[in-house]
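Below you'll find the structure, written out as structure tokens, and then a few comments.
The values are calculated or read from the model by the stated rules, or taken from the named source; none is laboratory data. The structure presented is a predicted model; accordingly, all values stated were derived computationally and were not measured. Here the Cβ positions follow ideal geometry from the backbone for every residue, glycine too, while neighbour counts run over all protein chains shown.
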Amino acid sequence: MELPQEEKAARLQKEVINSSVGELSKVYEELGDVEMSAPALGLACRFRGIDVVRALIQKGATFDFPSKRRIEETYNCYIGRKCGNHRTNYSLYLLNVFEEDLRGAYCFTGMTLSHSAEREAGEPLVFLPDDKRIEVLGCLLENREKISFHPEEMLYYAIYIGDTVIVEELKRYGVRISDVRVRTMTDVDALMDAYWLEYITMTELLDNEDYFRVMQQLAAELDGKLFRFTENLYEVTKKRFYDVRVFEFFLAHFQPEKMKKYQIIRGLIEIDAAESLPVIERMNWLTTPKKRDELIAYASENGRTASLAWLLDYKNRTADFAVEQEKAEKKMMRELNMSPDSVAALKKIWSYRKREDGTLLITNYKGTDTEVTVPEKIGKGIVTGIGTGAFSGGYSNPKVTVEQVEQHMRITNIILPKTLQYIGENAFCKMPALKEIDIPEGVEKIDDYAFWKCEFLKSIAIPGSVKKIGNYVFEGCIRLEKAYIGEGVLEIGEFAFSNCMLKEIRIPESVQNLSGTIEGIGTHRVFGYSHPQKMTVYCPKGSQAEAYCREMRISFRNSEDD
């Protein structure tokens, strides 16, 4: 009787650790097709050496395996559905990395990165010495297509881990990191997907010395391109700026277009990195007297004595006090005469841009109020959209500052204009204090994650003008008890009301796309994989919503019964 595939895989791994080359080859022939030979091949790379690796390859072992949910769950090897395009990469067993060294990498999921492997008889196998690993690497490179070996991925992880033996050998063979890795690190339009999240996490968790080494090696792989600059990358990097080498590297190798120079200077002050402030002077970043004085006040208020001393010395060396006084007086008079509704005044509160139809899209709220009214017009432009992350309490908007994020998180009430037509992705996400917001009639689309994790929202009404409620729009709104969806709404996105505390939701007959099937997910779930036990869905008799509730065993009442 043929063994189940899971047992075949386990048996093959066992034989790799315990058997001779001849015995292993014989067992492999007896097993026949093994759908998951990758772990065994990886263990041979780590503990046995080139002879066992060659024997496995000759019998058909490969690092590839079927991209199926059953495989993922059976062997604990994450594939695209959970981690972007990442899959467990068993060839990485060859690297000089152990459990205590793993820092944020996805592709090691399910692997046991021990120093040794116990055998049924005899001494334990130990991690291969460098010369043996180089032999194995040569064999993998010779058979790369046959065994689905991706040396460019091994190089990427070897750089982070600091496995210089493997890095140097791969470079000797002319291996470069993959295009997708380069694009993730350099392309401003690249998605902030799982590759990006892994890159950010692994970079954040590096020790300071390792950070400088890794980033220098990665920079050499980019063919002269600069690293992509984003707010979240800046946040995980600024803690290292007390090291002048790191700060100078950051300024020289990251795209400068989106850098906010005064935000960066405040970051230096926060960690009192006075040693790095002369770099700012050489770059002429402190030429505006008002900003300079604000930074002096910031250093003083936060007790950053070393930075304060340097800034005061800089002011004494460079300031023309008479000219500065004259300019300050003229500016004060202009502001006294400024109308609160003028474009100049509104520009201090709102960032915005023109849409294709000439109307305005709000891209960021820069004010300090906790109760906010979005204007219908700015100058002659009509406000019709709220853009990506405009009020977000996270870093989904690359243009938002740390101070603005903190202010967004304090907002309790927002009044939207009647002219509004569009609410963008993450527009109001992670606003933990937001209690009230009315979506005006006329809004046609609410994009994905728009109100994600607004934890104090208790009720929401979606007007019938909205044709689609995007995916995850109210996911994580843990106090949301009531939702009213107006007649005219056609589609409710995936997990739109997941992880809420809904007691009552009204879904009209117009909603048609609610219980479809999404490839790789299974049944489309508006309320997640579980729903509140006390929730009642109010829906018309015979509607798609009623059918959905029956299928999902959700309590419902027909609207006509009210």
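For the range 398-418: of the residues being assigned to a loop (DSSP other than H, G, I, E, B) and touching a residue at least 60 places away in the same chain (Cβ under 8 Å), which is surrounded by the most Cβ atoms within 10 Å (Cβ to Cβ)? Ranking the candidates gives VAL400 first. Taking the conditions exactly as written (farther than 25 Å from ASN18 by Cβ and either of a type in the set (Gly, Ala, Ser) or surrounded by 14 or more Cβ atoms within 10 Å (Cβ to Cβ) (or both)), does GLU142 satisfy them or not? Taking the combined requirement at face value, the residue does not satisfy it. In this entry, TYR93 passes the filter for residues that are among the aromatic types (Phe, Trp, Tyr), under 27 Å from THR74 (Cβ atoms) and part of a helix (DSSP H, G or I).
Identify, please: which residue in the range 459-499 is within 21 Å of the chain's Cα centre (by Cα) and either of a type in the set (D, E, K, R) or outside any loop (DSSP other than H, G, I, E, B) (or both) and is, among those, surrounded by the most Cβ atoms within 10 Å (Cβ to Cβ)? Looking at the filtered set, the residue picked out is GLU475.
Yes or no, residue by residue, for (1) closer than 15 Å to TYR365 by Cβ; (2) assigned by TED's automatic domain parsing to the domain that holds LEU361; (3) not polar (S, T, N, Q):
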position: MET409; (1), (2), (3): yes, yes, yes
position: THR412; (1), (2), (3): yes, yes, no
position: LEU420; (1), (2), (3): yes, yes, yes
position: GLY424; (1), (2), (3): yes, yes, yes
position: MET431; (1), (2), (3): yes, yes, yes
position: ILE446; (1), (2), (3): no, yes, yes
position: ILE485; (1), (2), (3): no, no, yes
position: ASN499; (1), (2), (3): no, no, no
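Where helices (runs of 4 or more DSSP H) fall wholly inside the range 4-45, the ranges with 2 or more residues that are within 37 Å of the chain's Cα centre (by Cα) and of a type in the set (A, V, I, L, M, F, W, C) are 5-18, 38-43. Consider the range 187-215 and keep the residues that are surrounded by fewer than 16 Cβ atoms within 10 Å (Cβ to Cβ) and either closer than 18 Å to THR109 by Cβ or among the hydroxyl-bearing types (Ser, Thr, Tyr) (or both). The one that is farthest from the chain's Cα centre (by Cα) is LEU205. Could you tell me whether any residue of the range 133-141 is in contact with a Phe, Trp or Tyr (Cβ under 7 Å, 6 or more places away or on another chain) and within 28 Å of LEU206 (Cα to Cα)? Taking every residue of the range 133-141 in turn, none turns out to be in contact with a Phe, Trp or Tyr (Cβ under 7 Å, 6 or more places away or on another chain) and within 28 Å of LEU206 (Cα to Cα). GLY267 meets the stated requirement of being surrounded by 18 or more Cβ atoms within 10 Å (Cβ to Cβ), of a type outside the set (A, V, I, L, M, F, W, C) and free of Cβ contacts under 8 Å to residues at least 60 places away in the same chain.
When you check ARG282 against the structure, is it among the charged types (D, E, K, R), without any contact (Cβ under 8 Å) to a residue 40 or more places away in the chain and buried (at least 18 other Cβ atoms within 10 Å of the Cβ), yes or no? Spelling it out, it is not the case that ARG282 is among the charged types (D, E, K, R), without any contact (Cβ under 8 Å) to a residue 40 or more places away in the chain and buried (at least 18 other Cβ atoms within 10 Å of the Cβ). Being at pLDDT 90 or above, small (Gly, Ala, Ser) and out of contact with any Lys or Arg (no Cβ under 8 Å at 6 or more places or on another chain) is a condition met by at least one residue of the range 130-139.
One line per residue, one yes/no per condition, for (1) in the same structural domain as ASP163 (by TED's automatic domain parsing); (2) of a type outside the set (A, V, I, L, M, F, W, C); (3) in contact with a Pro (Cβ under 8 Å, 6 or more places away or on another chain); (4) buried (at least 16 other Cβ atoms within 10 Å of the Cβ):
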position: ALA9; (1), (2), (3), (4): yes, no, yes, yes
position: SER20; (1), (2), (3), (4): yes, yes, no, no
position: ASP33; (1), (2), (3), (4): yes, yes, no, no
position: PHE47; (1), (2), (3), (4): yes, no, no, yes
position: VAL53; (1), (2), (3), (4): yes, no, no, yes
position: ALA61; (1), (2), (3), (4): yes, no, no, yes
position: LYS68; (1), (2), (3), (4): yes, yes, no, no
position: LEU92; (1), (2), (3), (4): yes, no, no, yes
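Only one entry of GLY22, GLY42, GLY32 meets the criterion of being at pLDDT 90 or above and on the phi > 0 side of the Ramachandran plot, and that entry is GLY32.
One line per residue, one yes/no per condition, for (1) surrounded by fewer than 20 Cβ atoms within 10 Å (Cβ to Cβ); (2) acidic (Asp, Glu); (3) closer than 19 Å to ALA220 by Cα:
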residue: LEU128; (1), (2), (3): no, no, no
residue: ILE147; (1), (2), (3): no, no, no
residue: TYR173; (1), (2), (3): yes, no, yes
residue: THR184; (1), (2), (3): no, no, yes
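Examine the range 421-436 for a residue that is modelled with pLDDT of 95 or more, surrounded by fewer than 21 Cβ atoms within 10 Å (Cβ to Cβ) and outside any loop (DSSP other than H, G, I, E, B), and state whether such a residue exists. Within the range 421-436 (the criterion being modelled with pLDDT of 95 or more, surrounded by fewer than 21 Cβ atoms within 10 Å (Cβ to Cβ) and outside any loop (DSSP other than H, G, I, E, B)), the answer is yes, since at least one residue qualifies. For the range 500-534, filtered to residues that are modelled with pLDDT of 90 or more and touching a strand residue (DSSP E or B) at 6+ places or on another chain (Cβ under 7 Å), the residue that is surrounded by the fewest Cβ atoms within 10 Å (Cβ to Cβ) is LYS503. The condition of being in contact (Cβ under 8 Å) with a residue 60 or more places away in the chain, at positive phi and part of a loop (DSSP other than H, G, I, E, B) holds for only one of GLY122, GLY104, that being GLY104.
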